[in-house]
1. In nm, to one decimal, how far is the Leu46 label point from the His63 one, both placed 7 Å along Cα→Cβ?
2. What dipole magnitude, in Debye to the nearest 20, does the range 2-111 give about its Cα centre under +1 on Lys/Arg Cβ and -1 on Asp/Glu Cβ?
3. Report, by chain and number, residues whose modeled amide H sits under 5 Å from the one on Val33, excluding near sequence neighbours (fewer than 5 apart, same chain).
4. Which of the listed residues, Val55, Leu36, Ala92, is farthest toward the dipole's positive end in the chain, when Lys, Arg count +1 and Asp, Glu count -1 at the beta-carbon?
5. Which of Val83, Val96, Val45 moves most in a GNM of the chain, Cα contacts under 10 Å?
6. Of the chymotrypsin sites (Phe, Trp or Tyr not before Pro) in the range 12-53, which ones lie in a loop per DSSP and count no more than 14 other C-beta atoms within 10 Å?
7. Pick from Gly39, Gly60, Gly79: which residue has the top mean-square fluctuation in a GNM of the chain where Cα pairs under 10 Å get a spring?
8. Rounded to the nearest 500, what is the chain's calculated 222 nm mean residue ellipticity when only DSSP H runs of at least 4 contribute -39500 (n - 2.57) each, over all residues?
Amino acid sequence: MVIGTPIYKAAYSGLLKSLLDLLPQYALAGKTVLPLATGGSVAHVLAIDYALRPVLTSMGAAHVVPGWFTLDKDITVGGDGTVSLAAGTAEALGEVTDRFSSVLRERTAVLAPSA
């Protein structure tokens, strides 16, 4: 599962909180979660670990992989709605999602029933 949110005042968004509040207490039980966040300054980078990760863990996530944060200035939305990332940001996100995919494959192999 991928959870994404903007960060404001070192906290995840109210919209994400509202969504999480609607879910059962252990809705993430057994899930592997990748937290992603954007924010206006690098001062908010720790919000993933100090605000979001504890909530995901308390909801039963089996594995919260290292999250990823990018500055909002590195994300642009074109007039036609297409989203583009700054070159370094796109490369970093690619690496993060590749690692997440690898973790998912490993966990799936471990959880798969043996023949």
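Here, each number is a calculation from the coordinates, and none is a lab measurement. As the structure is a prediction and not an experimental result, all values here were calculated from the model. Note that we place each Cβ from the backbone using ideal geometry, even for glycine, and neighbour counts take in every protein chain shown.
1. 2.7 nm
2. 340 debye
3. Here His63, Val64, Val65 satisfy the definition.
4. It is Val55.
5. For the chain, modelled as a Gaussian network with Cα springs under 10 Å, the answer is Val83.
6. On the way: sites: Tyr12, Tyr26, Tyr50; in loops: Tyr26.
Of the chymotrypsin sites (Phe, Trp or Tyr not before Pro), the ones in loops of the range 12-53 whose Cβ has at most 14 other Cβ atoms within 10 Å are Tyr26.
7. So, out of Gly39, Gly60, Gly79, the one fluctuating most is Gly79.
8. Numbers: 3 runs with 40 residues, N = 115.
That comes out to -11000 deg cm²/dmol.
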